[in-house]
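Enquirer: Sharing a structure here in structure tokens format.
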Amino acid sequence: KKVTDPQAYEVLKPIVVEQREVTDEDIVNFMMIPLCLETVRCLEDGIVETAAEADMGLIYGIGFPPFRGGALRYLDSIGVAEFVALADKYAELGALYHPTAKLREMAKNGQKFFG
């Protein structure tokens, strides 16, 4: 049985701006959007040369679920434009949730990372 420690709320009180209910989908988005955007930045900045390289690094390096194919394959599966719209929905959370200009251009042009 899960038990909440009231002291945890006291520790967090100085940094909590607002308290709100979040869904399981929100929690997934809180984690996936920054991961995907950082992967996009790595590709754009030349840290990795190809989308496949970036995805393989995530799968073998941090254990990204192989059946998802990596962050950029995941972006392609939901659609780049849909992902940009999703990231914009969480933009108030900070710069980690802001799509790059190049990603916005890809979304506008209907481009993908693979194929």
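Enquirer: Tell me, what is the per residue accessible area of the range 23-109 in Å², probe radius 1.4 Å?
Expert: Values: 4910 Å² over 87 residues.
Result: 56 Å² per residue.
Enquirer: Sum up the charges of everything whose Cβ sits under 12 Å from the Cβ of residue 31, counting Lys and Arg as +1 and Asp and Glu as -1, but leave residue 31 out.
Expert: Values: positive: none; negative: 24, 25, 26, 38.
Local charge sum for residue 31: -4.
Enquirer: Multiplying the sequence separation of residue 22 and residue 111 by 0.36 nm and subtracting their Cα-Cα distance, what value in nm do you get? Write out the running numbers ahead of the final one.
Expert: Values: separation 89, 0.36 × 89 = 32.04 nm, distance 3.13 nm.
Full-extension gain reported as 28.9 nm.
Enquirer: Ordered by residue, what ³J(HN,Hα) values in Hz, to whole numbers, does the range 95-109 give under the Karplus form 6.51 cos²θ - 1.76 cosθ + 1.60, where θ = phi - 60° and Gly and Pro are x?
Expert: So the J values, rounded to whole Hz, are 4, 4, 9, 9, x, 6, 4, 5, 5, 4, 5, 4, 4, 4, 8.
Enquirer: Ok, one more. On a full-extension model of 0.36 nm per residue, what is the gain between residue 89 and residue 47, subtracting their alpha-carbon distance, rounded to one decimal in nm? Let's see the in-between values first.
Expert: Numbers: separation 42, 0.36 × 42 = 15.12 nm, distance 2.76 nm.
Between residue 89 and residue 47, full extension yields 12.4 nm more.
Enquirer: If you roll a 1.4 Å probe over the chain with all protein chains in place, what percent of the accessible area is carbon or sulfur?
Expert: On the chain, the fraction of accessible area on carbon and sulfur atoms equals 57 percent.
Enquirer: Something else now. What are the ³J(HN,Hα) values, in whole Hz, obtained from phi via the Karplus relation 6.51 cos²θ - 1.76 cosθ + 1.60 with θ = phi - 60°, for each residue of the range 78-87 in sequence order, with x given for Gly and Pro?
Expert: Couplings: 8, x, 4, 5, 5, 5, 4, 4, 5, 4 Hz.
Enquirer: When only Cα pairs under 8 Å and 6 or more residues apart are kept, what is the percent relative contact order across the chain? Numbers along the way, then the final one.
Expert: Numbers: 83 pairs, mean separation 26.8, N = 115.
Taking the mean separation of contacting Cα pairs over the length of the chain, I get 23 percent.
Enquirer: Let me ask you something else. For Cα extents along the principal axes in Å, the choices are (1) 38, 31, 25; (2) 44, 32, 27; (3) 50, 30, 23; which was calculated from the structure?
Expert: Comparing each candidate, only (3) matches the computed number.
Enquirer: Label the range 50-115 by shape, choosing from rounded, prolate and oblate, from the square roots a ≥ b ≥ c of the eigenvalues of the Cα gyration tensor; if a/c is under 1.5 it is rounded, and otherwise prolate applies when a/b is larger than b/c, oblate when it is not.
Expert: In terms of gyration-tensor shape, oblate.
Enquirer: Where nothing but the Cβ of Lys and Arg (+1) and of Asp and Glu (-1) is charged, how large is the charge dipole of the chain around its Cα centre, in debye to the nearest 20?
Expert: Result for the chain is approximately 140 debye, rounded to the nearest 20.
Enquirer: A further question follows. Can you give the extra length, in nm with one decimal, that the chain gains between residue 3 and residue 100 once fully stretched, where that is 0.36 nm per residue apart less the Cα-Cα distance?
Expert: Full extension of this stretch gives 30.9 nm more.
Enquirer: Here is a follow-up. Let me check something: with ligands and nucleic acids excluded, how do 80, 16 order by accessible area (1.4 Å probe), largest to smallest? Could you put the intermediate results ahead of the total?
Expert: Details: 80 5, 16 75 Å².
The ordering from most to least exposed comes out as 16, 80.
The values are calculated or read from the model by the stated rules, or taken from the named source; none is laboratory data. The structure presented is a predicted model; accordingly, all values stated were derived computationally and were not measured. Neighbour counts are summed over all protein chains in view; Cβ atoms, including those assigned to glycine, are modelled from backbone coordinates with ideal geometry. The area values use the complete protein model at the heavy-atom level, side chains included, leaving out ligands, DNA and RNA. Shrake-Rupley method; radii C 1.70, N 1.55, O 1.52, S 1.80 Å.
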